[in-house]
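Visitor: Below you'll find the structure I mean.
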Number of protein chains: 2
Amino acid sequence: MDAVPLPDGFSAHVANVGIKDDTDDFVVLAATGPCTAAAVFTRSRFAGPSVVVSREHAADHRLRAVVVVSKNANVATGPGGLADARELAEGVALALGCPATEVLVASTGVIGRRYPMDRLRAHLRSLAPWPGPGGTTDDAVRAATGIMTTDTHAKIAEAAPATVDGGTARVVGIARGVGMIEPDMATMLAFVLTDAEVDPGTLDAMWRRVVDRTFNSLSVDTDTSTSDTAAVLASGAAGAVDPGELEAALHSVCLDLTRQLAADGEGAETLLTVTVTGARDDGQARRVAKSVLNSPLVKTAVHGADPNWGRVAMAVGKCSDDTDIDQDRVRIAFGGTEVYPATVDDTGLTALEEYLRGDEVSIEVDLRIGAGAWTVFGCDLTDGYVRINADYTT
Amino acid sequence: MDAVPLPDGFSAHVANVGIKDDTDDFVVLAATGPCTAAAVFTRSRFAGPSVVVSREHAADHRLRAVVVVSKNANVATGPGGLADARELAEGVALALGCPATEVLVASTGVIGRRYPMDRLRAHLRSLAPWPGPGGTTDDAVRAATGIMTTDTHAKIAEAAPATVDGGTARVVGIARGVGMIEPDMATMLAFVLTDAEVDPGTLDAMWRRVVDRTFNSLSVDTDTSTSDTAAVLASGAAGAVDPGELEAALHSVCLDLTRQLAADGEGAETLLTVTVTGARDDGQARRVAKSVLNSPLVKTAVHGADPNWGRVAMAVGKCSDDTDIDQDRVRIAFGGTEVYPATVDDTGLTALEEYLRGDEVSIEVDLRIGAGAWTVFGCDLTDGYVRINADYTT
């Protein structure tokens, strides 16, 4: 993958500190000065110390760096694990010469195991004075690779909104996560950096809207991680951008990352999108879309390239609290071809099977009640998913 | 399997009418006179005509027969499908010489295809005068086999509560269902017959309590069928039974059937039970237990015999609306061996792996909040599940 430079005012430090093996497992994304920031986190009742510390640090919308430890989630590790997370933030802050409250901490990997703090401490000491002997890179690809655990490839997306003074800002995002993915407030890990200038309130509001329609509309396996974190940092180096244009750029980057995450879902062979229209409201559209997206019977039908609309009908039907859903009004389509209530002939069936063998499959449901609409992103369910997760060791 | 006689006052007619292949696909369970009855049905918004008609017929708690068509669900078949279901009930009623409103109709199999009504009509005509040339059987095993679609074996359970006059009544249940199983008001299909005498109000109340703790606590794949029906018919031939004793017998039979259904879940190799105690109330206990039972990551860990309690913690944690769940109070155990927060040594780990390789695995979660408790029943997630459902044709 070609290098993707980080936006103005950011650099990355990527290294191996021996968390699990000899691949990169330690990443710091750092700005030259404090940034305007917004972040959302998992709502899990088993949220890890990284999330606890980061929620505190992001509260004032001012961040300078993000430190990511991969292959150890530091979750369910008790008071010791919380102290470890605080020490990690302090070590990075010391190297950068900023308050610890300007450092976000993120960590994914095995649950229930403490960090190897001796190695982390030694590495943190080597960072001061910043950037230390390990040096820094401005390549987002190296950073995206460094935050991977079981991802099969790095996930990067970028956009370039115009600034109000006629220049160009940049938005660069990286993400990781292939399993334990049904983010509630965020995805596993996603970090978006921009050199656009934006005020904290505007950034926070647009970030929540963008995350809702992208990472929060993603599900690989219905399982919500204890470590979900999605943050945006704006350095302001490129100057002000029209808020609408910035939000569109953020949306484009996050949507791109969401689709990459869905397509790389554990064992996934097909990117599956489900769009529900004609709902009472957007909430109902999302609920029904998630029900279809998460149905193991729909996911295996997609895997088997079987245009089995009966399973889609079943998954719509099990939204039993939505009593305004009327099976005689609902319409179901695959890739724009209506399959219910319309009947598909043998030629059409062959064409549908061909469509379902593609890399991306879209299922569309029109409830014909109102104007609510939502699209969600996921993948098929394969024997690869079972194999990966039956064999992965604690 | 040895024959299991039906309770006094019941007989069964089992036949092949050529719905899909040459195995039995048509079953009538009939009483010699009207029975006291109770029934619960799927809450699906795509409930099939069988459920629509049966809900009407069961409303007065008086039933004489149940007719089951296998391998065709008669779901999403429009007004024609509804007329077919009514004609089926009428045909059975004519043969038995009872009102059509005393006949329950149940059907499971492929969605979206009409019955072959010509063959069904011819067979219905041959039933009068009852039992017709096909004859009847008093063997519950034959009836249980006749209602199977993709089940790998017939499911039968029985109990024998004492009557108040010193005799013995009998309770015999049959059930089917291996996939599309997360019953909301009932399971796929379950019919329990008893010769005990009981009044309609008592029977209805105890049936709902029993179903709630048995079939409604079952999930193979989180997918709720469009055809779920669970009914009990009491002929009264054996005389009155103490209500507590009858409820215990019904519970025992339904629990046995539920465990058989879970163990025969599509592709299942392990029966998985999850028990949550110490919850705020029973509802919270059930919600958390279902979250663990339905987690694909927990299900694959069980399949891989991996005592991965981190995934159980994750599944408890994703019940994010239950803000009183405190990760520092929760306790997690496998088969009675605490794994969180207690630490298991290497010897203990080997013993746990051995335990997880067994035919049945129990996961216990103690929330340590209150006295609510619930047990749910399911199975592991295997490549067999994926293979069955990616290959099964519409």
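Visitor: So which residues in the stretch A:82-136 are in a loop (DSSP other than H, G, I, E, B), touching a residue at least 60 places away in the same chain (Cβ under 8 Å) and either within 14 Å of chain B (Cβ to nearest Cβ) or buried (at least 21 other Cβ atoms within 10 Å of the Cβ) (or both), if there are any at all? Don't jump to the end; show me each part of the working.
Guide: The first filter runs over the stretch A:82-136 and keeps only residues in a loop (DSSP other than H, G, I, E, B), leaving A:97-99, A:111-116, A:127-136.
Applying the additional criterion that residues be touching a residue at least 60 places away in the same chain (Cβ under 8 Å) yields A:98, A:111-112, A:115-116, A:127, A:130-132, A:134-136.
Once the filter is applied, which keeps residues that are in a loop (DSSP other than H, G, I, E, B), touching a residue at least 60 places away in the same chain (Cβ under 8 Å) and either within 14 Å of chain B (Cβ to nearest Cβ) or buried (at least 21 other Cβ atoms within 10 Å of the Cβ) (or both), the stretch A:82-136 yields A:Ile111, A:Gly112, A:Tyr115, A:Leu127.
Visitor: Right, another one. Is it the case that the stretch A:288-299 has a residue that's modelled with pLDDT of 90 or more, surrounded by fewer than 24 Cβ atoms within 10 Å (Cβ to Cβ), closer than 30 Å to A:Thr36 by Cβ and of a type outside the set (S, T, N, Q)?
Guide: No - not one qualifying residue is present in the stretch A:288-299.
Visitor: Something else about it: So how many residues does the stretch B:220-269 have that are within 12 Å of chain A (Cβ to nearest Cβ) and touching a Lys or Arg at 6+ places or on another chain (Cβ under 8 Å)?
Guide: Going through the stretch B:220-269 one residue at a time, the tally reaches 3.
Visitor: Also: When you look at B:Val344, is it in contact (Cβ under 8 Å) with a residue 40 or more places away in the chain and under 24 Å from A:Gly48 (Cα atoms), yes or no? Spell out how you get there, then give the answer.
Guide: Details: in contact (Cβ under 8 Å) with a residue 40 or more places away in the chain: no; under 24 Å from A:Gly48 (Cα atoms): yes.
No: the conditions fail for B:Val344.
Visitor: Residues of the stretch B:268-298 being farther than 21 Å from B:Val386 by Cα and acidic (Asp, Glu), which ones?
Guide: B:Asp281, B:Asp282
Visitor: Just a yes or no: is a residue in the stretch B:214-231 part of a helix (DSSP H, G or I) and not polar (S, T, N, Q)?
Guide: So in the stretch B:214-231, the residues part of a helix (DSSP H, G or I) come out as B:215-217.
Next, from what is left, pick out any that are not polar (S, T, N, Q): B:215.
Yes, there is a match, as at least one residue in the stretch B:214-231 is part of a helix (DSSP H, G or I) and not polar (S, T, N, Q).
Visitor: Against the conditions (1) over 20 Å from the mean Cα position of the chain (by Cα); (2) under 26 Å from A:Thr150 (Cα atoms); (3) hydroxyl-bearing (Ser, Thr, Tyr); (4) more than 10 Å from chain B (Cβ to nearest Cβ), where does A:Thr273 fall short? Just the number, please.
Guide: The failed condition is (1).
Visitor: Going through A:Arg311, A:Arg368, A:Arg331 one at a time, which residue ends up being under 23 Å from B:Thr77 (Cβ atoms), buried (at least 23 other Cβ atoms within 10 Å of the Cβ) and either in contact with a strand residue (DSSP E or B) (Cβ under 6 Å, 6 or more places away or on another chain) or without any contact (Cβ under 8 Å) to a residue 24 or more places away in the chain (or both)? Give the derivation first.
Guide: Numbers: A:Arg368 fails: buried (at least 23 other Cβ atoms within 10 Å of the Cβ); A:Arg331 fails: buried (at least 23 other Cβ atoms within 10 Å of the Cβ).
Only one candidate passes the filter, namely A:Arg311.
Visitor: Let me ask something else about it. Is there a residue being more than 24 Å from B:Ala268 (Cβ to Cβ) and under 28 Å from the mean Cα position of the chain (by Cα) anywhere in the stretch B:332-353?
Guide: Within the stretch B:332-353, none of the residues are more than 24 Å from B:Ala268 (Cβ to Cβ) and under 28 Å from the mean Cα position of the chain (by Cα).
Visitor: For the structure I just gave you, tell me whether B:Asp204 is assigned to a helix (DSSP H, G or I) and more than 18 Å from B:Ile156 (Cβ to Cβ). I'd like the intermediate steps shown before the answer.
Guide: On the way: assigned to a helix (DSSP H, G or I): yes; more than 18 Å from B:Ile156 (Cβ to Cβ): yes.
Yes.
Visitor: State the number of residues belonging to the stretch B:16-73 that are of a type in the set (A, V, I, L, M, F, W, C), within 14 Å of chain A (Cβ to nearest Cβ), closer than 16 Å to B:Glu87 by Cβ and assigned to a loop (DSSP other than H, G, I, E, B).
Guide: Looking only at that region, the number is 0.
Visitor: Another question, then. What about B:Ala238, is it touching a strand residue (DSSP E or B) at 6+ places or on another chain (Cβ under 9 Å) and buried (at least 19 other Cβ atoms within 10 Å of the Cβ)?
Guide: Numbers: touching a strand residue (DSSP E or B) at 6+ places or on another chain (Cβ under 9 Å): yes; buried (at least 19 other Cβ atoms within 10 Å of the Cβ): yes.
Yes; evaluated as a whole, the condition is true for this residue.
Visitor: Here's something else I'd like to know. Considering A:Asp324, A:Asp281, which residue is out of contact with any strand residue (DSSP E or B) (no Cβ under 8 Å at 6 or more places or on another chain) and either surrounded by fewer than 23 Cβ atoms within 10 Å (Cβ to Cβ) or among the aromatic types (Phe, Trp, Tyr) (or both)?
Guide: Numbers: A:Asp281 fails: out of contact with any strand residue (DSSP E or B) (no Cβ under 8 Å at 6 or more places or on another chain).
Selected residue: A:Asp324, the only one of A:Asp324, A:Asp281 that is out of contact with any strand residue (DSSP E or B) (no Cβ under 8 Å at 6 or more places or on another chain) and either surrounded by fewer than 23 Cβ atoms within 10 Å (Cβ to Cβ) or among the aromatic types (Phe, Trp, Tyr) (or both).
Visitor: Report, ordered by the first and then the second residue, all pairs with beta carbons closer than 6 Å, sequence separation of six or more or different chains, a first member in the stretch A:278-305 that is more than 9 Å from chain B (Cβ to nearest Cβ), and a second member that is among the hydroxyl-bearing types (Ser, Thr, Tyr).
Guide: A:Leu293/A:Ser219
The values are calculated or read from the model by the stated rules, or taken from the named source; none is laboratory data. Here the structure is a predicted model, which is why all the values come from computation and not from measurement. Reconstructed Cβ throughout: ideal geometry from the backbone, glycine too, with neighbour counts over all protein chains shown.
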